[in-house]
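Student: What follows is a structure written as structure tokens; I'll ask about it next.
The values are calculated or read from the model by the stated rules, or taken from the named source; none is laboratory data. A quick note: this is a predicted structure, and the numbers were derived from the prediction, not measured. Cβ sites come from the backbone with ideal geometry, for glycine too, and all protein chains shown count toward neighbours. Remember, those area values only see protein heavy atoms, side chains included, never the ligands or the DNA or RNA. Shrake-Rupley method; radii C 1.70, N 1.55, O 1.52, S 1.80 Å.
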Amino acid sequence: MSRIAYVMGRYVVHRDGGVSIEDRGFQFADGVYEVIALTNGRFLDEAAHLERLGRSLAELRIVPPMSDRALMQVMRETMRRNGLKNGSIYIQITRGSAPREHGFPASLPPTVVMTAKRGKPVDPRLLQDGAKVILIPDIRWGRCDIKTVGLLPNTLGKQTAREAGAFEAWQVDRDGFVTEGTSTNAWMVNAAGEIITHPANHRILGGVTRGSILALLRREGLPISERPFTVDDLRGAGEAFLTSTISMVIPVVTVDGRAIGDGKPGPMTRRLQELYNAHAKETTA
Ligand code: PDD
């Protein structure tokens, strides 16, 4: 079955989908995106993703091209036309197309594209056995909280990880703090059992999965701290894990080749996997 994409008001097979060569997303990475998981025909944490999309658009001063209601309809129609009940949707909105100039016209019709992906987003072996992570310098700009399509440091970092035989690269800022992965949020559990993750400021993307995990931790009364942790803190961690829409909760078992804890997924990570799976199940039932 051909993959169908939504492109500027039309549903087209991928090979027929295209946008202008002067699209500002293409020329300046002047656009934002979301990735939302579809489980049992329902979008997971949809409201939080749409809220973040609205925020990203507002930060770039792009006027939303349609209401959330209309967006939700297009998302559903895109999945339906692809015959999907499980998978994920990619939504990209750019400022639109205009003759190339850094400054932008006051009003431009934004470009809206959606594509659908089939199947389980994450390799079950990673969920079970855990992942290897490497550390790289965080070379990104000062507004990592905006989910822009300007992802070059992230793609280069992920490729470095891949070539090192690792699943993810965690980025380390100039002060020696671990900010986040190239497409995931970073977490550690210290010797006292405290669960630590970088605060959701301009240095990281405030992950929707991160938000759900924090809410679950609070509900369970588990000790959490949103504060930056250093590479040294991480080396002394009992457990570490990463989260995203696509990865859910993946244990991290080595960092730069050194074992975290005993080099196996830890009990808190396992508990969080269960809590998150239950959350996903309950909210998409
Ligand atoms: N990435 N940090 C970064 C830099 C990310 O790109 C992502 C998501 C996350 C996790 O956010 P969430 O829990 O909302 O998925 C953290 C998506 C999945 C991607 O680029 O494909």
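Student: Mind pulling the angle between the C-alpha long axis of helix 152-163 and the longest principal axis of the chain? Nearest 10 degrees, somewhere in 0 to 90.
Tutor: Compared with the principal axis, the helix lies near 50 degrees.
Student: Putting +1 on Lys and Arg Cβ atoms and -1 on Asp and Glu Cβ atoms, find which of A58, G18, S88 reaches farthest to the positive end of the dipole of region 4-118.
Tutor: Result: S88, furthest along the dipole toward the positive end.
Student: Just to be sure I understand: with springs between alpha-carbon atoms less than 10 Å apart, which residue in R271, R81, R162 has the highest mean-square fluctuation in the Gaussian network model of the chain?
Tutor: R271
Student: Measure nothing but the geometry: give the 0 to 90° angle between the long axis through the Cα atoms of 68-81 and the longest principal axis through the Cα atoms of the chain, rounded to 10°.
Tutor: 90
Student: Same structure again: Tell me the trypsin sites (Lys or Arg not before Pro) within region 166-252 that lie in a loop according to DSSP and have at most 10 other beta-carbon atoms within 10 Å.
Tutor: Within region 166-252, the qualifying trypsin sites (Lys or Arg not before Pro) (loop, at most 10 other Cβ atoms within 10 Å) are R174.
Student: Let me ask you something else. At a 10 angstrom cut-off on C-beta neighbours, averaged per residue, how do the peptides 139-150, 177-188 rank from highest to lowest?
Tutor: 177-188, 139-150
Student: Read phi for every residue in region 21-26 and hand back ³J(HN,Hα) as whole Hz from Karplus 6.51 cos²θ - 1.76 cosθ + 1.60, θ = phi - 60°, with x for Gly and Pro.
Tutor: 5, 9, 5, 6, x, 5
Student: Between beta-carbons, use under 9 Å as the cut-off and find the net charge around N40, counting Lys and Arg +1, Asp and Glu -1.
Tutor: Net charge around N40: +3.
Student: Something else: With an 8 Å Cα cut-off and a minimum separation of 6 or more residues, compute the relative contact order for region 133-285 in percent.
Tutor: 22
Student: Next question, about the same structure. Quick one: angle between helix 267-284 and the longest Cα principal axis of the chain, in degrees between 0 and 90, rounded to 10, please.
Tutor: 30
Student: Taking springs between alpha-carbon atoms closer than 10 angstrom, which of T94, T160, T197 fluctuates most in the Gaussian network model of the chain?
Tutor: T160
Student: In percent, how large is the relative contact order of the chain, given Cα pairs closer than 8 Å and 6 or more residues apart?
Tutor: Answer for the chain is 18 percent.
Student: When the Kirkwood hydrodynamic radius is evaluated over all pairs of different C-alpha atoms of the chain, what value in angstrom, to one decimal, is obtained?
Tutor: 19.8
Student: At 1.4 Å probe size, with every protein chain present, just tell me what the per residue accessible area of region 193-282 comes to in Å².
Tutor: 43
Student: Applying a 10 Å radius around every beta-carbon, put 252-259, 6-13 in order of their mean neighbour count, most first.
Tutor: 252-259, 6-13
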